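Remarks on the structure that follows.
The values are calculated or read from the model by the stated rules, or taken from the named source; none is laboratory data. No experiment lies behind these values; they were computed from the predicted model shown. Note that each Cβ is placed from the backbone with ideal geometry, even for glycine, and that neighbours are counted across all protein chains shown. Just so you know, the surface numbers come from the protein's heavy atoms only, side chains and all, with ligands and any DNA or RNA stripped out. Shrake-Rupley method; radii C 1.70, N 1.55, O 1.52, S 1.80 Å.
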Amino acid sequence: MKKLILITVSLVFCCFGAFPISLKDVFNELSKVPNIEITDKEPPETIVFDNKTYDTGWLEIAKASKLDAKEIKATGDCVMNILDKVALTDRIICSYNKQVGIFIYATPKGQELYEMLMVTISGYWGDVNIIYNTINEATLQSLQEASVRMQNANLVVLPNRTDTIYVGGINEIVIEGPK
């Protein structure tokens, strides 16, 4: 009986103890991982895109470059532990093959806008790139339908529609390994 009560209490804490974490909070945690530093932070700007006016929100980029094998392993493990806190329902793309990976998450922000968090990791090159930004609904749909090709240390993510995509000026996301 004691075991049943303990299991029930544990399940209650697991179900109700997990609080939603915002993508901005995830970005902040990721930017504090050893070897990673914020390299770019652009304030919100108002843009006209597809004849609509948007406030882009902050564009923030954090990265680590050319880490050795030990550093990329430690940094990658920390990054993955943090990404495990993000709700699966927020995930748009998740693909990795032990050499390279991409993780894209989005949550509604309002006014047909979404918060987006994109993380790319290349164990081969020792690089980690983290982008936090605001995207529009067309960009979200394009990323949801993107093609992802991975082969060894090569990763290519191509949104299906580049004519209506706005991700902080990024129209194509490509990480290339050795030729």
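Can you tell me which residues in region 1-46 are modelled with pLDDT under 70 and closer than 21 Å to residue 135 by Cα? Show your work before the answer.
Residues of region 1-46 modelled with pLDDT under 70: 1-20.
Selection gives 20 alone.
Scanning region 84-106 for residues that are open to solvent by 30 Å² or more (accessible area, probe 1.4 Å) and farther than 18 Å from residue 142 by Cβ yields 84, 85, 87, 88, 89, 96, 97, 98, 99. Sub-7 Å Cβ pairs linking a first residue in region 148-160 that is assigned to a loop (DSSP other than H, G, I, E, B) to a second residue that is modelled with pLDDT under 75, at least 6 apart or interchain, are 152/177; 153/177; 153/178; 159/165, ordered by first then second residue.
In this structure, residue 143 does not qualify as within 16 Å of residue 83 (Cα to Cα) and surrounded by 22 or more Cβ atoms within 10 Å (Cβ to Cβ).
Being closer than 20 Å to residue 58 by Cβ and at pLDDT below 85: is that true of residue 152 here? Give the steps one after another, and end with the answer.
On the way: closer than 20 Å to residue 58 by Cβ: no; at pLDDT below 85: yes.
Considered against the rule, which asks whether it is closer than 20 Å to residue 58 by Cβ and at pLDDT below 85, residue 152 comes out as no.
Among the residues of region 107-132, the one identified as buried (at least 22 other Cβ atoms within 10 Å of the Cβ) and among the small types (Gly, Ala, Ser) is 122. Pairs linking a residue in region 126-147 that is closer than 25 Å to residue 46 by Cβ and aromatic (Phe, Trp, Tyr) to a residue that is modelled with pLDDT of 80 or more and in a helix (DSSP H, G or I), with Cβ atoms under 6 Å and 6 or more positions apart or on different chains, are 132/27.
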